[in-house]
1. Quick check: the angle from helix 57-68's long axis to the longest principal axis of the chain, C-alpha only, nearest 10 degrees?
2. Please list log₁₀ I(q)/I(0) at q = 0.13, 0.15 Å⁻¹ for the chain, using the Debye equation with identical point scatterers on the alpha-carbon positions.
3. Could you tell me how many degrees, from 0 to 90 and to the nearest 10, lie between the Cα long axis of helix 85-95 and the main elongation axis, the longest principal axis, of the Cα atoms of the chain?
4. Report the relative contact order of region 124-174, percent, no decimals, based on alpha-carbon pairs under 8 angstrom and at least 6 residues apart.
5. How far apart, in nm, are two points set 7 Å out from the Cα along the Cα-to-Cβ line at residue 160 and at residue 39?
6. Cut-off is 10 Å between beta-carbons; in what order do 63, 132 appear when sorted fewest neighbours first?
7. Show which aspartates and glutamates lie in cross-link reach of residue 88 when reach means a straight Cα distance below 13 angstrom and same-chain residues fewer than eight apart are skipped.
8. To the nearest 10 degrees, how steeply does helix 120-129 sit against the main Cα axis of the chain, on a 0 to 90 scale?
Amino acid sequence: MKLLAFAASSSSKSINKNLATYAASLVSGATVEILDINDYEMPLFSQDKEEVLGQPDAAKAFYAKLGQADAIIISFAEHNGSYTAAYKNLFDWTSRIDQKLFQNKPMVLLATSPGPGGANTVLTAATGSAPYFAGDVKASLSVPSFYDNFDNEKQEISNLAILDQLKSAIAQLG
Ligand SMILES: Cc1cc2nc3c(=O)[nH]c(=O)nc-3n(C[C@H](O)[C@H](O)[C@H](O)COP(=O)(O)O)c2cc1C
């Protein structure tokens, strides 16, 4: 199985990237690619810029990456209750190539934050809207209070109850 995993964050120290990477490591037998959305940076989307730029190569490349995967794990960072601007920009540009950008791929959606809310607001939005974008969400999980529940040295979930939930979610990918 070709598994694509990434954080919907442009932070070089992204805790969601840590979580997505760890979650991907739990999928036995998968060939894992960890994508960095910074490699797909584009101007701030507007219809005016779209008239000038058309479909940027970065959006085409991201769309192709999604298409080549057998399964996808995304971990969402939450900024002010919503997507990070970096992810939303990539999402908007790519949705103009194909509104069904997730291409019916089985997905596990995750989210985490340092606070007790665990970025659950953005996760709920992403999960609820995924069907409109042909995302086949098999499971979703918010990890609250990241630094209490993830061992940064070992790069693994330290809370056994959350680890169980994560393993159950990942198992849904088949
Ligand atoms: C502009 C901004 C807004 C934020 N808003 C939220 C929020 O609404 N909910 C939340 O749980 N954390 C919020 N945070 C804290 C982030 O969860 C935290 O920075 C986290 O590390 C982001 O994930 P990342 O490291 O994967 O980028 C915010 C951080 C920033 C910089």
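Since every read-out is calculated from the coordinates, none of them should be taken as a lab result. Please read all numbers here as calculations on a predicted model, not as lab measurements. Virtual Cβ from ideal backbone geometry, glycine too; neighbours counted across all protein chains shown.
1. Rounded to the nearest ten degrees, it is 50.
2. -0.59, -0.79
3. In the chain, helix 85-95 runs at an angle near 60 degrees to the longest axis.
4. 32
5. It is 3.8 nm.
6. 132, 63
7. 41, 78
8. 50
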